[in-house]
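Student: Can you read through this structure? Questions will come right after.
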Amino acid sequence: MITSNFSHARTALKYGLQSLSIKTDDFILLPEYICDVVLHPLVALGVKYRYYSIEDDLTPNWDKLEALVDNNTRAVMMIHYFGQPQDISAFQSFSKKHKLLLIEDNAHGHRGRLNGQLLGTFGDMGISSPRKTLNTYSGGILWLKEKEFNH
């Protein structure tokens, strides 16, 4: 696991996407309920995205998510809303089944854990934003699994 610090989680996301070799022809699946600053690094890199439907409890509508996957889909983003873990094993299974990278957004749950493991470290890439829970001006963390960090 490689960890690096940045000014903001959106910056960490940008460098993480570059390290995962996400290209302009690739699509990332994003939940329809998402902070607009997540789009900034995607737009800057020219990465395409599609929104997937979520239920009232903020979990994915798995059938609709499944229908969005095609040959250009490269990754899916899982968001731990308000620091509450999603069904990580379901996302891992979905990613494995479709050969997708799993990007984990834990911006609002810095230092949160599930079964002793830090949220943000279950996917191929994870981000966190300590500045949202700590009284600091800046702070973003990037975790990369089994990848070299290209800074």
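Student: Can you give the longest stretch of the chain with no exposed loop site, where a site means GluC sites (Glu not before Pro) in a DSSP loop (not H, G, I, E or B) with at most 11 other C-beta atoms within 10 Å?
Tutor: Longest gap between qualifying sites, sites excluded: 56-145.
Student: Under 20 Å between alpha carbons: how many lysine pairs meet that in the chain, if sequence neighbours fewer than 8 apart on the same chain are excluded?
Tutor: Number of lysine pairs found: 20.
Student: Let me ask something else. Length gain on complete extension for the stretch Ser7 to Tyr33, per 0.36 nm per residue less the alpha carbon to alpha carbon distance?
Tutor: 7.0 nm
Student: Kirkwood hydrodynamic radius of the chain from all distinct Cα pairs, in Å?
Tutor: 15.2 Å
Student: Additional query: Which chymotrypsin sites (Phe, Trp or Tyr not before Pro) from region 1-65 combine a DSSP loop assignment with at most 16 other Cβ atoms within 10 Å?
Tutor: Tyr33
Student: Set Lys and Arg Cβ to +1 and Asp and Glu Cβ to -1, take the dipole of region 1-134 about its Cα centre, and tell me which of Ile54, Ile88, Leu101 lies farthest positive.
Tutor: The residue sitting farthest along the positive end of the dipole is Leu101.
Student: Only four residue types carry charge here, +1 at the Cβ of Lys and Arg and -1 at the Cβ of Asp and Glu. Report the dipole size of the chain about the Cα centre in Debye, rounded to the nearest 20.
Tutor: Magnitude of the dipole: close to 500 debye.
Read-outs: derived from the displayed coordinates by stated rules, not from any lab. Computed from a prediction, not measured in an experiment: that's the story for all the values here. Don't worry about glycine lacking a Cβ; one is built from the backbone with ideal geometry, like all the others, and counts go over all protein chains shown.
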